[in-house]
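Structure first, commentary second.
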Amino acid sequence: MEKLADKGILTIIHYHIPIHLQECYKELAVKDYRAQIKSKIRKYPVLSTMIQWIFDPAYTPKHIIKKWVQTQGSVINIGAGGRDLGKKVINLDIEECANVNVVNQSDQLPFNSSVFDAALLEYVVEHVENINALMDDVFRVLKPGGNILITLPFRQSYHPCPQDYRRFTHEGIELFLSDCGFQDIKVEVYGGPV
């Protein structure tokens, strides 16, 4: 906790879903056996990576992400899962699992403004209902001139965990990020069925 506080991060580590959403979240988790299985597997990073590599057509190999992270300063990894991307990365997720530093189930990121040099959202935006609010908050926690790397699926099947709201085209994500205030946007196809 002291290391997180030294980086300008709020010292409260565990955040909760607002009361009115807790029952809904529990209900979804019980109904969706895939979410339950995924939640259990994510506690074991090696197993999780192997399963993603074999079955997930949109999986981005760790070395691609690590290469980007190495070119950045401090990084907030939102929706981190079990990946360990190094010491300068703070991993945030909605549930406890291996390598997660901050568990946050609230609508806001639990960090001060202008704390991070970069943000990583790896297959997250399709699961967030209000992505405008999320991107505003990401913009808030980034230092001026900060970078963001977003990976997202295009033709991946429906995969709620807890929900699955959208897909973007090249033009769609570029327009969306531009409307959020981001500049110098570069959109690439990495892999998977496109």
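The values are calculated or read from the model by the stated rules, or taken from the named source; none is laboratory data. Computed from a predicted structure; not experimentally measured. Heads up, the Cβs are rebuilt from the backbone with ideal geometry, glycines too, and the neighbour counts pull from every protein chain shown. We work out accessible area using only protein heavy atoms, side chains counted, and drop any ligands, DNA or RNA first. Shrake-Rupley method; radii C 1.70, N 1.55, O 1.52, S 1.80 Å.
The selection criterion, being of a type in the set (S, T, N, Q), free of Cβ contacts under 8 Å to residues at least 60 places away in the same chain and open to solvent by less than 30 Å² (accessible area, probe 1.4 Å), does not hold for ASN104. Scanning segment 177-194 for residues that are under 26 Å from LYS62 (Cβ atoms) and at pLDDT 75 or above turns up LEU177, PHE182, ASP184, ILE185, LYS186, VAL187, GLU188. Annotation: of all residues in segment 112-147 being part of a strand (DSSP E or B) and open to solvent by less than 20 Å² (accessible area, probe 1.4 Å), the one that is modelled with the lowest pLDDT is LEU121.
For LYS31, state whether it is modelled with pLDDT of 90 or more and of a type in the set (Lys, Arg). No.
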